[in-house]
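Only the coordinates and a few stated rules stand behind these numbers; no lab work does. None of the values given here were measured: they were computed from a predicted structure. Counting neighbours? That spans all protein chains shown, and the Cβs are built from the backbone with ideal geometry, glycine included.
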Amino acid sequence: MKKLILLIAALAVLAPAALAAEGGSQGTSPAQACKTELSSIGAAAFKSLYAPTGNNAMGKCVSKHQQSAAANRENAAKTCKAEQEQSADTFKAAHGGLTFGEVYGKNENDKNAYGKCVSSKASKADAQQEAALLKAAKTCKTERAADRTAFTATYGGKASSAFGKCVSAKSKAK
């Protein structure tokens, strides 16, 4: 019961931030990304990835995606701040003669350029991570189906955690 109350409280705190970060039609929410993963890799692989020895794989997936999205927003904000602080000539030289506001701004006077920069870079990072994760999960699912014993031996001593270790290793390898 305490876990349920804590989960509800956490979602109440995180939901507004997630909705604000989503920016309307840009990107997908963590829950949407998890639903896509579930339908793409199947229920058994999804559970193996997020809750190999327990329950609530969907909740764990959403939590992981929220943490990743927050880190991506933070990194995007740092990158955009650095771009914004470049000299006008340096920025223009790297962006076809356009200013920071002209590249990222979408309203009159381009006053929303910083926010649009952050959201576009964070959305791109989220999409790249999701694509890498789905590709890795599909590869690991195929590898596991070919020889489960060898798969378990390669990625860990426990069959329950081997799939997650495989996906983690393959999604980070570039």
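General observations
- The convex hull drawn around the Cα atoms of region 93-174, when projected onto a plane and averaged over every direction, covers 7.6 nm².
- Extension gain (nm, one decimal) between Ala82 and Lys111, 0.36 nm per residue minus Cα-Cα: 8.7 nm
- Counting only Cα atoms, the size of region 75-127 along its three principal axes is 30, 23, 17 Å, in decreasing order.
- Computed over neighbours whose Cβ is under 15 Å from that of Thr142, the net charge equals +4, Lys and Arg +1, Asp and Glu -1.
- Listed by chain and number, the lysines whose alpha-carbon sits under 24 Å from that of Lys78, ignoring those within fewer than 8 places in the same chain, are Lys64, Lys92, Lys106, Lys111, Lys116, Lys121, Lys124, Lys172, Lys174.
- Residues of region 44-77 with an amide N closer than 18 Å to a point placed 7 Å from the Cα of Asp147 along the Cα-to-Cβ direction: none.
- With a Förster radius of 25 Å applied to the beta-carbon distance between Lys158 and Ala71, the computed FRET efficiency rounds to 0.35.
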